[in-house]
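Here's the structure we're looking at; comments come further down.
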């Protein structure tokens, strides 16, 4: 083949490979035509075969790339679905968190696969508070206004409870049960006392804010410290299982009885709480008192709100 003819073949081959490089793989067969042995000079055949092998590899890589893109798209769809589930779980967690005690949330966060919710003996301080004359008040006030008052007063206590590491365990229409825990038994007793004083201060402030629209209320408080059985209790029934997380035992029972003994917005406490906090707070000994369903009389102390 003469040089001029070879130049024509090479220019055509260059044109074909240029089109292929731009994505026109339909020209591949035309390139492979130049690889036929005996029809073209050996160098042209080798060049065409080299281009052909390069195209095969490019096509293979492009096909693999398309597969990867498809796999990535599928994974993105799966990831989006997973993210939606995570968002849903986060929403559920946020809503459930409103009803779950802080101590339980911490246990689950520390060991989500096997949280330690079993009952164990722990040194705690338990605080009970209730609104004095709640039954009489509820008979004379509209339900909507009564709910507003409860939320207004109780909401004002929340920050002080959490700042002092208290855990709202149970709520009733007119009261709260709050558990204080710490490795230092003196510290959680002091936290309970600090919270009690803060609650009475908040009650006074809300009374002032509502002056003229509502009679001032009193919140009575009882505190007791000692060993209680802290953990979960499972209640089985035909309709399913109900779990509660609380502190049970005589320490809790006596705290509730002490709270019932308190009147006129006073803060009463048991002897162990008084012993632990006496160096840091002003307290008054009230003498031995009989508590309902408690066989022995108990020394009661009053925490002075200065």
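The values are calculated or read from the model by the stated rules, or taken from the named source; none is laboratory data. Quantities reported herein were computed from a predicted structural model and do not represent experimental measurements. Note that we place each Cβ from the backbone using ideal geometry, even for glycine, and neighbour counts take in every protein chain shown.
Could you identify the single residue in 223, 217 that is in the same structural domain as residue 275 (by TED's automatic domain parsing), modelled with pLDDT of 95 or more and under 20 Å from residue 266 (Cα atoms)?
Numbers: 217 fails: modelled with pLDDT of 95 or more.
Answer to the selection: 223.
Yes/no matrix, rows are residues, columns are (1) surrounded by fewer than 20 Cβ atoms within 10 Å (Cβ to Cβ); (2) over 19 Å from residue 246 (Cα atoms); (3) touching a helix residue (DSSP H, G or I) at 6+ places or on another chain (Cβ under 9 Å):
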{"site": "163", "(1), (2), (3)": "yes, yes, yes"}
{"site": "166", "(1), (2), (3)": "no, no, yes"}
{"site": "190", "(1), (2), (3)": "no, yes, yes"}
{"site": "204", "(1), (2), (3)": "yes, yes, no"}
{"site": "209", "(1), (2), (3)": "yes, yes, yes"}
{"site": "215", "(1), (2), (3)": "yes, yes, yes"}
{"site": "218", "(1), (2), (3)": "yes, yes, yes"}
{"site": "223", "(1), (2), (3)": "no, no, yes"}
{"site": "227", "(1), (2), (3)": "yes, no, yes"}
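Can you confirm whether residue 212 is on the phi > 0 side of the Ramachandran plot and touching a strand residue (DSSP E or B) at 6+ places or on another chain (Cβ under 8 Å)?
The answer is no for residue 212.
Checked against (1) surrounded by 21 or more Cβ atoms within 10 Å (Cβ to Cβ); (2) in contact with a helix residue (DSSP H, G or I) (Cβ under 7 Å, 6 or more places away or on another chain); (3) free of Cβ contacts under 8 Å to residues at least 40 places away in the same chain, residue 274 passes all but condition (2).
Yes or no, residue by residue, for (1) within 24 Å of the chain's Cα centre (by Cα); (2) part of a strand (DSSP E or B); (3) more than 22 Å from residue 280 (Cα to Cα):
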{"residue": "147", "(1), (2), (3)": "no, no, yes"}
{"residue": "154", "(1), (2), (3)": "yes, no, yes"}
{"residue": "158", "(1), (2), (3)": "yes, no, yes"}
{"residue": "188", "(1), (2), (3)": "yes, no, no"}
{"residue": "191", "(1), (2), (3)": "yes, no, no"}
{"residue": "194", "(1), (2), (3)": "no, no, no"}
{"residue": "198", "(1), (2), (3)": "no, no, no"}
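For the stretch 95-149, what are the residues that are under 17 Å from residue 177 (Cα atoms) and modelled with pLDDT under 85? Listed by number, the residues that qualify are 98, 99, 100, 101, 102, 103, 104, 134.
Here is the figure for the stretch 286-295: residues that are surrounded by fewer than 19 Cβ atoms within 10 Å (Cβ to Cβ) and either modelled with pLDDT of 95 or more or closer than 21 Å to residue 130 by Cα (or both) total 6. So is residue 210 at pLDDT 90 or above and within 23 Å of residue 154 (Cβ to Cβ) or not? No: the conditions fail for residue 210. Across the stretch 154-175, the number of residues qualifying as touching a strand residue (DSSP E or B) at 6+ places or on another chain (Cβ under 7 Å), touching a residue at least 40 places away in the same chain (Cβ under 8 Å) and within 13 Å of residue 202 (Cβ to Cβ) comes to 0.
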